[in-house]
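Notes follow once the structure below has been shown.
Coordinate-derived values only; no laboratory data. This is a predicted model, so every value here is computed, not measured. Note that each Cβ is placed from the backbone with ideal geometry, even for glycine, and that neighbours are counted across all protein chains shown.
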Amino acid sequence: MREYRTRSFWLETGEYGENPPLAGDVETDVAIVGGGFTGLMTAYFLKKLEPSLGVALLEGDVIGFGASGRNAGFSMTLFGFTMSLTALRFGRQKALEAHLYMEKAVDFVRDFVKEHAIDCDYEHPGFLRAATSKRYENRIRHEIDFAHSLGVRGIEWLENDVLAREVRSPLYFGAWWEPRCGILNPARLVRAEKKIVESAGVKVYERTPVSGIKRNGRISLRTEGGSVAAAKVVLATNAYSHLIPGLKRKQVPVFTHIVLSEPLAKTHFDEIGWRNRQGIEDARNLVHYYRLTADNRLLMGGRSVSVAWGRDMERDVNEKTFAGLERDARRTFPVLKDIRFTHRWGGPVSVPVDMTPAIGTLGDERIVYSLGCVGHGVSLSHLNGRTLAEMILGRKTERTEVFFVNRRTIPWPPEPIRFVLSKAIKGTLDLQDRICD
Ligand SMILES: Cc1cc2nc3c(=O)[nH]c(=O)nc-3n(C[C@H](O)[C@H](O)[C@H](O)COP(=O)(O)OP(=O)(O)OC[C@H]3O[C@@H](n4cnc5c(N)ncnc54)[C@H](O)[C@@H]3O)c2cc1C
């Protein structure tokens with residue numbers, strides 16, 4: 001049995017009671033595979049839209065074991081890699097459509113937390129994308145101009161003297177400012193979502209990996225201790241989706257890493273500012289992302305990624321990246337030169353070849369899937385839950401008609417080419433970053 005507490009600071013803290021695994025054969029209307037935000041929110045919306053529906057959710061480890069219990073907790077509007085790249089691949093109108101979907105997703109998370117009075121340290125401090133060189137300043141300004149040219153509002157450039165009134169770093173040249181961004185404790189959120197769906201009547205089984213899917217009259221899911229026969233199935237497996245036949249080539253898991261410091265002292269804030277506690281990223285390809293936790297620890301993630309071979313999903317630890325992140329934290333805020341780092345972890349994000357999320361059907365309309373949230377799935381996975389539920393119920397809505405639903409994905413090649421290609425892409429992104437840094 002895999003230990004989950006060591007997988008993140010969030011999963012380690014707070015009491016958690018696991019549900020027992022599935023034992024025996026059960027029948028239900030809809031079975032959901034995967035107990036992250038996507039799976040739980042699909043369950044939530046299925047029950048909200050059709051309260052009489054039987055819904056069972058099967059999670060291979062525990063709720064939040066995947067990215068949902070390990071992420072940095074930014075609920076943000078970024079879709080895919082960048083807005084301009086989405087436009088390059090799909091056109092300007094679709095890039096705008098994606099951004100508007102993301103705005104709704106961020107607003108939904110904020111409202112949902114409030115409506116259900118979820119204790120997940122939710123704050124809504126806004127988002128800064130800090131330029132850490134002149135080249136990145138140009139990149140960010142170009143992206144802001146591009147957003148404005150699409151008609152996007154609510155994003156502006158902050159000159160460095162204005163930024164310095166908020167957050168001070170010797171690395172900064174100014175920043176993208178976007179008030180629409182929340183930060184939260186993801187494990188608390190995902191665990192609260194489990195309770196909410198259970199109270200609506202959803203059966204949640206943990207330690208229940210699905211090892212086979214068969215289509216008869218119904219769809220049969222095989223697990224170690226039993227089986228589920230369902231009329232419809234949702235594959236909410238995101239970065240694990242390549243382990244499912246049929247989804248194998250649609251995405252690869254890429255691992256991103258985080259370090260967390262001891263709580264900062266008042267004197268540190270005197271130097272840095274950051275009283276308004278914004279979520280911050282830089283503009284590298286392999287971004288740094290950083291924020292404060294509720295108890296004022298510095299969480300610093302990103303910098304590089306680890307690429308996995310084949311079915312390997314255990315690339316959480318990368319000592320070189322951890323050490324680099326600690327160095328980067330001290331470079332960003334020199335006053336933290338003596339700060340101690342207490343936690344290090346990592347987790348998988350789902351990456352399609354074109355770095356764009358994808359929702360679709362597998363074989364026929366009875367099985368739907370969601371994957372490809374890249375590193376920006378906290379808000380997206382919540383609204384996707386609604387989209388998936390609507391698809392399962394056969395409803396046509398503004399969400400089910402969005403361009404990344406039923407889009408054609410570009411297949412990743414089989415191993416060993418997949419590994420070589422993902423390494424090459426990582427190397428190219430990294431090289432560009434070195435030139436721009
Ligand atoms: C370190 C890190 C930092 C991140 N930071 C951010 C951030 O700040 N903001 C942001 O927007 N996004 C961030 N992300 C991405 C975000 O966390 C994800 O996009 C989001 O959580 C995906 O949710 P999900 O439910 O789709 O997938 P997951 O949470 O990964 O859930 C999938 C679940 O499926 C289960 N599963 C897989 N296969 C099976 C099977 N066969 N049977 C049963 N269960 C199965 C897994 O155990 C897992 O629990 C980050 C990701 C990581 C790893």
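Distances between every pair of Cα atoms in region 180-224, grouped in 5 Å steps from 0 to the bin holding the largest one, split as 5, 15, 14, 16, 17, 15, 8, 5, 3, 0 percent.
Quarter the surface of the alpha carbon convex hull of the chain and you get the mean projected area, 19.4 square nanometres.
The convex hull around the C-alpha trace of region 98-233, projected and averaged over every direction, spans 13.0 square nanometres. Taking θ as phi - 60° and the Karplus parameters 6.51, -1.76 and 1.60, the scalar couplings of region 70-82 work out to 10, 6, 7, x, 7, 9, 9, 8, 5, 10, x, 8, 8 Hz in sequence order, x denoting glycine and proline. Look at ARG340, ARG418 and count the other Cβ atoms within 10 Å of each Cβ; fewest to most, that gives ARG340, ARG418.
Note on GLU27 and TRP309: with the Förster distance fixed at 45 Å, the Cβ-Cβ geometry gives a FRET efficiency of about 0.75. For ARG407, the residues whose modelled amide H falls within less than 5 Å of its own, excluding neighbours fewer than 5 places apart on the same chain, are ILE359.
Taking a straight Cα-Cα cut-off under 21 Å and skipping sequence neighbours fewer than 8 places away in the same chain, the lysines within cross-link reach of LYS266 are LYS337. Here is the link list: LYS47/LYS250; LYS104/LYS232; LYS47/LYS232; LYS214/LYS248; LYS47/LYS195. Which ones come out longer than 21 Å on Cα distance? Exceeds cut-off: LYS47/LYS250; LYS104/LYS232. Computed over region 1-78, the P(r) curve from all C-alpha pair distances, binned at 10 Å from the origin, holds 16, 42, 32, 10, 0 percent per bin. Here is the P(r) of region 272-396: all C-alpha pair distances, binned every 10 Å from 0, give 10, 33, 29, 19, 8, 2 in whole percents. The mean sequence distance of close C-alpha pairs (under 8 Å, at least 6 residues apart), as a share of the length of region 352-437, puts its relative contact order at 31 percent.
Report, for the chain, the % of DSSP beta bridges that are antiparallel, rounded to 5.
70
Sorting the segments 228-234, 135-141 by their residues' average number of neighbouring beta-carbon atoms within 10 angstrom, most packed first, yields 228-234, 135-141.
Build a GNM of the chain with springs between Cα atoms under 10 Å apart, and of LEU286, LEU184, LEU380 the one that fluctuates most is LEU286. The ranking of MET300, MET391 by Cβ neighbour count inside 10 Å, starting from the fewest, reads MET391, MET300.
Karplus-based coupling profile of region 198-212, in residue order and whole Hz: 5, 6, 8, x, 6, 8, 10, 10, 10, 6, 10, x, 7, 10, x, with θ = phi - 60° in 6.51 cos²θ - 1.76 cosθ + 1.60 and x standing for Gly or Pro. Here is the size of region 324-430 from its Cα atoms: Rg then Dmax, 19.1, 57 Å.
For region 6-130, what is the relative contact order in percent, using Cα pairs closer than 8 Å and at least 6 residues apart in sequence?
On the way: 97 pairs, mean separation 25.0, N = 125.
RCO, region 6-130: 20 percent.
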